[in-house]
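J.: Here's a structure for you.
A short reminder: the numbers here are calculations on the coordinates, not readings from a lab. The structure presented is a predicted model; accordingly, all values stated were derived computationally and were not measured. Ideal geometry is used to build each Cβ from the backbone, glycine not excepted, and the neighbour counts take in all protein chains shown.
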Amino acid sequence: MEFLDFGKHTSYVLSAFSLTLVVLVANVLAARSKLSSRLTTTRRRIASEDKT
Amino acid sequence: MWTWFHKLGSPPHFYRISAWLTPWFAWAALVLIVIGAYGGLYIAPADYQQLDGFRIIYVHVPSASLSLFIYVNMAIAAAVGLIWRIKLAHAVAAACAPIGASFTFLALATGSIWAKPMWGTWWVWDARLTSELVLLFLYFGYMALRAAIDDDNRADRASALLAIIGVVNVPIIKYSVEWWNTLHQPATISKLGKPSMDFDMLIWLLVMLAGFMCFFAAVLLTRVRAEVLVRSRGQKWLKQALQEN
């Protein structure tokens, strides 16, 4: 695990990079889930409009 | 130029072009961020004073730059929506807010993590930190205002005004380190001045910055597409676009 060693600042460097990763991944998941839920709702609405 | 601008403002054209552009930005972001993080963590030399602690700059500076860049984008989009009544512009502004808030939070959090070993404290009520915190509250205020108004048109107009007024905070954040005595260091990269970093360190910061920009573009396009779906309710082109997919 030498590649994760940043001397006396290891915990600070790793926590800053880990937090960044979490925020980036959360951004992607939130955007994708919003788009997919709205796509599902729109498709359902269009399908119900077509039936009527 | 104006034809292009008006064409981009049309939801069907935007919906189609954004679906094509998003994967390009997403892959570019992934490649650049991985390369930039590797370079920043393992290739860039350690700072002679801050040692390896300085490597936090590779996530802190891009987040802080993006927090300002996104706010300016949001304010411009809001102004375009307000002046020219382009609905897509309001959708862009609305999509910018949560992304901007997350990068502002990240800038504050990584700055705080960096401050502890360097300044001996997690937080000081210094001009740069306080004005960045105000930026986070501006993003929250913008989102809360939109959520509080049921009518989309009124929500667009009210939140656009807040976004435009709040832009006054951007130069305050940018120049706070020059206008007041602060613990925060001055700008690392300046357009006019010589960068205060060695090229071996700077290159990875620029790669990370480019990666974060591409990331923002990909997430923004995805969020704007979601906004367009709601705002184009009942329109023929939407039905055709969904059937084509």
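J.: Within 10 Å, count the other beta carbons around each residue, average over each peptide in B:155-165, B:90-100, and list them highest first.
T.: Packing proxy ranking, top to bottom: B:90-100, B:155-165.
J.: Once you place label points 7 Å from the Cα toward the Cβ at A:D50 and B:W180, how far apart are they in nm?
T.: 5.9 nm
J.: List the residues, sorted by chain then number, that are 5 or more residues from B:S196 or on another chain and whose placed amide H is less than 5 Å from its amide H.
T.: B:S190
J.: How far is it, in nm, from the label point at B:A158 to the one at B:A46 when both lie 7 Å from their Cα along the line to the Cβ?
T.: Rounded to a tenth, the inter-label distance reads 5.4 nm.
J.: Let me ask something else. Of all the Cα-Cα pairs you can form in segment B:91-151, what percent are over 17 Å apart?
T.: Roughly 46 percent, once rounded to a whole number.
J.: Once all Cα-Cα distances of segment B:60-188 are split into 5 Å bins that start at 0, what whole-number percent is in each one?
T.: Histogramming segment B:60-188 at 5 Å steps yields 2, 11, 21, 22, 16, 11, 8, 5, 3, 1 percent.
J.: Quick one: which residues, 5+ away or cross-chain, put their amide H under 5 Å from the amide H of B:A44? H built at 1.01 Å from N.
T.: Correct list: empty.
J.: Now a separate question. On C-alpha positions alone, give me the angle between the axis of helix B:152-166 and the longest principal axis of chain B, in degrees, nearest 10.
T.: Roughly 30 degrees, rounded to the nearest 10.
J.: Going through segment B:31-113, which chymotrypsin sites (Phe, Trp or Tyr not before Pro) have at most 15 other Cβ atoms within 10 Å and a DSSP loop state?
T.: For chymotrypsin sites (Phe, Trp or Tyr not before Pro) across segment B:31-113 that sit outside H, G, I, E and B with at most 15 neighbouring Cβ atoms in 10 Å, the list reads B:Y48.
J.: If the limit is 28 Å between Cα atoms, which of B:K116/B:K174; B:K7/B:K174; B:K87/B:K236; A:K34/B:K239 go over it?
T.: Distance filter (> 28 Å) returns B:K7/B:K174.
J.: On to the next question. From the backbone phi of segment B:13-27, what are the Karplus-calculated ³J(HN,Hα) couplings (6.51 cos²θ - 1.76 cosθ + 1.60, θ = phi - 60°) in whole Hz, Gly and Pro given as x?
T.: For segment B:13-27, the Karplus curve yields 5, 5, 4, 5, 5, 5, 5, 7, 6, 3, x, 5, 5, 5, 5 Hz.
J.: Normalised by the empirical 2.2 N^0.38 Å for globular proteins, what value does the Cα Rg of chain B take?
T.: 1.11
J.: Counting only helical runs of four or more DSSP H residues, what would the 222 nm mean residue ellipticity of chain B come to if each run contributes -39,500 (n - 2.57) and the total is spread over all its residues?
T.: -26500 deg cm²/dmol
J.: Apply 1/(1 + (r/R0)^6) to the Cβ-Cβ distance of A:R38 and B:V124, taking R0 = 41 Å, and write down the FRET efficiency to the nearest 0.05.
T.: 0.45
J.: Pulled fully out, how much extra length does the chain show between B:Y38 and B:Q235, if you take 0.36 nm times their separation in residues and subtract their Cα-Cα distance?
T.: 66.3 nm
J.: Quote the convex hull volume per residue of the protein assembly as shown, based on C-alpha atoms, as a whole number of Å³.
T.: 152 Å³
J.: Please work out how much length the chain gains when fully extended from B:L206 to B:A187, using 0.36 nm per residue of separation minus the C-alpha to C-alpha distance, in nm with one decimal.
T.: Gain on stretching B:L206 to B:A187: 5.4 nm.
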